[in-house]
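A.B. asks: The structure is given below, and queries will be raised subsequently.
What follows draws every value from the coordinates through simple rules; no lab data is involved. As the structure is a prediction and not an experimental result, all values here were calculated from the model. Glycine gets a Cβ as well: all are built from the backbone with ideal geometry, and neighbour counts include every protein chain shown.
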Amino acid sequence: MQFLFLCFSFAVVVTTWNVLPSYSQEKSVRPGIKDTFRDPNVDEFIGKFEVESREVYLLRQEILAACEVKPGATVADVGAGTGLFTRLFSEAVGDDGHVLSVDISQKFLDPIQATNRQLGLRNVDTLLCTADSTKLPENKIDLAYICDTYHHFEFPTKTMESLFRAMVPGGRLVLIDFRREEGKSTDWVMNHVRAGQSVFEKEVTSVGFKKIANRSDVLKENYLVIFEKPKP
């Protein structure tokens with residue numbers, strides 16, 4: 001009788017384990033959303049991203065202050081694009097710090113590396129990510145920064161899982177994205193950005209991050225939320 005009970009219990013456990021959702025089964029939330037960035041015209045994107053009419057460019061110093069970057073820290077600029085914030089982080093962490101500039105396109109990463117070498121910023125390395133992973137090394141990142149990029153994540157759960165593993169306990173994540181509010185946001189935002197702040201926050205916290213601040217005083221067109229990887 002005991003043997004039969006053990007066999008039955010084992011079968012229940014195996015059956016339950018087999019039907020649990022796994023990240024390998026996650027589907028793209030919006031197939032093709034990254035296509036624009038796979039073979040980018042970098043000069044065109046500099047013209048779009050690094051202009052005073054873009055809020056996150058205009059208020060870049062205020063954003064940097066909100067990030068509270070510490071000298072000697074290791075920072076990951078995830079979805080670095082033209083490298084605007086990579087350069088700011090490089091100066092903020094100093095010679096003892098390290099910045100990893102992460103992007104899905106090598107055409108963005110090569111100019112970032114070249115520009116930083118020309119500027120004498122030698123604490124920057126680039127890292128080519130994939131659609132479902134940041135490819136960051138585990139337990140290395142003190143601060144992760146995602147600016148107007150999260151809505152392009154095709155596999156947000158997998159990507160954020162990889163980022164969570166990369167963070168040190170107590171490490172912080174700064175997330176900036178467009179406010180998507182019915183009746184308030186532009187048609188471009190409503191059509192381009194797949195979901196609003198509450199959805200993105202739930203996705204981020206679902207992998208283990210804890211929300212610690214909502215800096216509504218910094219930006220208007222975008223929101224700035226800070227998360228933390230809890231300490232054991």
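A.B. asks: Could you pull out the trypsin sites (Lys or Arg not before Pro) across the stretch 152-232 that fall in loop regions by DSSP (anything but H, G, I, E, B) with no more than 12 other Cβ atoms inside 10 Å? List each step's numbers first, then the result.
C.D. replies: Working: sites: 158, 165, 172, 179, 180, 184, 194, 202, 210, 211, 215, 220; in loops: 179, 180, 184, 194, 215, 220.
When the trypsin sites (Lys or Arg not before Pro) of the stretch 152-232 are filtered for loop state and at most 12 Cβ neighbours within 10 Å, 184, 220 remain.
A.B. asks: Taking the Cβ of residue 168 as the center, what net charge do the other residues with Cβ under 14 Å away carry, scoring Lys and Arg +1 and Asp and Glu -1?
C.D. replies: +3
A.B. asks: Just the Cα atoms of the stretch 33-228: what Rg and Dmax do they give in Å?
C.D. replies: 15.5, 47
A.B. asks: To make sure I understand, if each residue's beta carbon is the centre and we count other beta carbons within 10 Å, what order do 105, 216, 28 fall in, fewest to most?
C.D. replies: Exposure proxy ranking, most exposed first: 216, 28, 105.
A.B. asks: Continuing with the same structure: Averaging over all projection directions, find the projected area of the Cα convex hull of the stretch 95-174 and quote it in nm² with one decimal place.
C.D. replies: 5.5
A.B. asks: Can you give the % of DSSP beta bridges in the stretch 33-228 that are antiparallel, to the nearest 5?
C.D. replies: 40
A.B. asks: Taking neighbour Cβ counts within 10 Å as the exposure measure, how do 212, 141, 63 sort from fewest upward?
C.D. replies: Final ranking by Cβ density, sparse to dense: 212, 63, 141.
A.B. asks: For the stretch 176-232, what does the equivalent ellipsoid look like in terms of its semi-axes, each the square root of 5 times an eigenvalue of the Cα gyration tensor, given largest first in whole Å?
C.D. replies: 24, 13, 7
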